[in-house]
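The values are calculated or read from the model by the stated rules, or taken from the named source; none is laboratory data. Keep in mind it's a predicted model, so treat the numbers as computed, not measured. Reconstructed Cβ throughout: ideal geometry from the backbone, glycine too, with neighbour counts over all protein chains shown.
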Amino acid sequence: MELSQHIFFMTQAFDEEKILQGLDLSRLDLVLYNTTTSTNDVGKEMPLNKEFLVISSDIQTKGRGRESKKWHSPSGNVCFSITFIEKDPNIPISLITGVIAQIAISNALNAKNIQLKWPNDLIYKNKKIGGILVEKEIEGSYIKTIVGIGINLDLDKKEPWWGDLSKFSNSKTRDLILNNLIKGFIDFVDGKLINWMDAWNKNCCHMNKIINIKNNNKIIENGEFIGISAKGALLLKKDNTIKEYSFGEISIEGIY
């Protein structure tokens, strides 16, 4: 089949052949934009005609993260969303996505020390280089899951806690990462992403460190981070007691 049967091509910023290399085109549609508001918004609005709908844009004008925080999305970085029907609504898709993204970046760029921060951040050299936003839509008897990933390849401006992967970036970087992300989600849906909890814990940037748990910008607890549960909750050890937290954000000394 011709690639054009599977691509809604609205930009010259991508190399669609590299993005789709080695993929089963009967399972997915790919939508590429030069500029859009938010790839997650596109994923919500477009019908899911195949198993996966993949959207990427060179620029987002209304990119966002958790709690509607603005996500800076200039040209040349990764703005990616993938839509699919979730088989198990109880799995922590945000943390699993972190594992998929960590593997995708590491493989595409041969980059070491790409790490994860609970619950949804990608870290390099103690700076945030990516984030994950999971949204869900009920469609009849199904749950349509939209997973958005932003990855900073080369930022034009940075807040003190932002990092990027400019050390590794070249003209092929983004297409390779997109290809690896799609493969990772297909492997996950096909049941091939085994031991994701071990992978998450192994690449956590704050394992066995003292953390503060925040809710509404207020510290509600602190203690030693000792891992995650099967449902994605953080496990906090304090005074020989282990507690689970499935909400809030964390801060760690020395990490943005």
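Pairing each residue of the range 204-218 that is free of Cβ contacts under 8 Å to residues at least 60 places away in the same chain with any residue that is of a type outside the set (D, E, K, R) and in a loop (DSSP other than H, G, I, E, B), provided the two are 6+ apart or on different chains, yields C-beta distances under 8 Å for I213/G248; K214/G248; N215/F247; N215/G248. The single residue among K192, K237, K231, K214 that is out of contact with any helix residue (DSSP H, G or I) (no Cβ under 6 Å at 6 or more places or on another chain) and assigned by TED's automatic domain parsing to the domain that holds I129 turns out to be K192.
Report yes if some residue within the range 195-203 is assigned by TED's automatic domain parsing to the domain that holds A13, assigned to a loop (DSSP other than H, G, I, E, B) and at pLDDT below 95; otherwise report no. The answer is yes, given that some residue of the range 195-203 is assigned by TED's automatic domain parsing to the domain that holds A13, assigned to a loop (DSSP other than H, G, I, E, B) and at pLDDT below 95. Just so you know, in the range 73-91 the residues that are assigned to a loop (DSSP other than H, G, I, E, B) and within 16 Å of I55 (Cβ to Cβ) include one that is modelled with the lowest pLDDT, and it is S73. Taken over the range 86-101, the criterion of being crowded, with 24+ Cβ neighbours inside 10 Å and small (G, A, S) is satisfied by G98, A101. Looking at the range 215-249 only, could you name the residues that are assigned to a strand (DSSP E or B) and buried (at least 16 other Cβ atoms within 10 Å of the Cβ)? G223, F225, G227, I228, L234, L235, L236, Y245, E249 - these are the residues of the range 215-249 that are assigned to a strand (DSSP E or B) and buried (at least 16 other Cβ atoms within 10 Å of the Cβ).
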